[in-house]
1. Defining a contact as two alpha carbons under 8 Å apart and six or more residues distant in sequence, what relative contact order in percent does segment 7-432 show?
2. Which of rounded, prolate or oblate describes segment 131-204 when judged by the alpha-carbon gyration tensor and an a/c cut-off of 1.5?
3. Could you compute the FRET efficiency for residue 133 and residue 104, with r as their C-beta to C-beta distance and R0 at 41 Å, rounded to 0.05?
4. Using only Cα atoms, locate the centre of segment 122-181 and the centre of segment 236-295, then give the distance between them in Å, rounded to an integer.
5. For an R0 of 41 angstrom, estimate the FRET efficiency from the Cβ-Cβ distance between residue 80 and residue 380 and round to the nearest 0.05.
6. Using just the Cα positions, wrap segment 7-432 in a convex hull and report its mean projected area in square nanometres, one decimal place.
7. From the C-alpha gyration tensor of segment 161-201, pull out the three semi-axes of the equivalent ellipsoid (sqrt of 5λ each), sorted largest to smallest, in whole Å.
8. Over segment 282-426, what is the relative contact order in whole percent, taking alpha-carbon pairs under 8 Å and six or more residues apart?
């Protein structure tokens, strides 16, 4: 088999791996997680903070480079760790029905969610660096578009089916059965995900690469001005995503959406994201990931502006617009935050760089979620009345997220555009000047 054919085969497995991983993420994120927390009797203000634990767990990515040293046992370690974390996610659907005190249920949910997310994030940078290495630099944008399109199409169908399953069993008074089915679905998705990981080969380049200690890599990166400039984008963006942790609570408990309706607007947003993924990917390959991300953050700002005007009276229209425009923005932001690292950071430092970026961003995001929890609790105690106007806390938070996105767009234009990109000819010289 030719190298070209083998790479195509590996890229196909990568696409399938991402899809099954996405299925698991759908089942333990957003409205799905809120449904679990609601069933366990967790208050709104606490639910938003718990939802953001995924962001705090990004700190585990700081030490992800240690997985690169596993050599021949790399895939075995990756499969075991991912199996454990996804089993923990499956158990989230069982805990609400345990015959134990409410505060104990909450603690158990927090433990499973936090440990699962910590393990997942510990493996993420190394896995991403491993799998993306199978794709030539000039094809990463187009490949990411294909990968996302497949995940979105299959995820759209998956979301609608699972949303309807939960709503159906809730309507007939068999919520427990619906949750147990969800638990089984997470386990099955996890099995296929692990199989895909075992089919991916570890690149020979990565096997033979000699790496220094994680501490040395951390020191090297923090002495790199280019890397420090890149971190700012992650920090600003994760401050926004951390504050947006209360969106699912807002949809279910304030706007009164059913999981079926949430699934439908999610499907519509996925269609919109698919349509823009290919043009954005090609634009990133032709221009740069930074240029593409600036456009994506503009869409994110517009999305949050719609969010800030949504209310129970207009929610189905205005919040749907937010969902669609946010999905369009994520066509660029989701892949851009990691792929921009490949444009500016040398190969030896990429795993650690991705870990640091997400870890610091995650810590900021968790802090933002705590602040958001204070805002939600305070405004709700005031009867959702601010300066004599009926304003829901999520609307207020969304407006500040709109402003944050505008700051990111300006920062990319004024700072990131001026940074020197890493090329095959300059990788060694750039690393020596750090």
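Every number in this text was worked out from the coordinates using simple rules, so none of it is lab data. Computed from a predicted model, the values in this text were never measured in an experiment. As a convention, Cβ positions derive from the backbone with ideal geometry for all residues, glycine included, and neighbour counts pool all protein chains shown.
1. Details: 628 pairs, mean separation 113.4, N = 426.
Once normalised by length, the contact order is 27 percent.
2. On the way: a/c = 6.34, a/b = 2.14, b/c = 2.97.
Because a/c hits 1.5 or more and a/b fails to exceed b/c, segment 131-204 counts as oblate.
3. Numbers: r = 44 Å, r/R0 = 1.09.
Result of the calculation: an efficiency of 0.40.
4. Segment 122-181 and segment 236-295 have Cα centres spaced 14 Å from each other.
5. Numbers: r = 43 Å, r/R0 = 1.05.
The value I calculate is 0.45.
6. Average of the hull's projected areas for segment 7-432 equals 19.8 nm².
7. On the way: eigenvalues 177, 15, 3 Å².
So the equivalent ellipsoid measures 30, 9, 4 Å along its semi-axes.
8. Normalised by residue count, the contact order of segment 282-426 is 37 percent.
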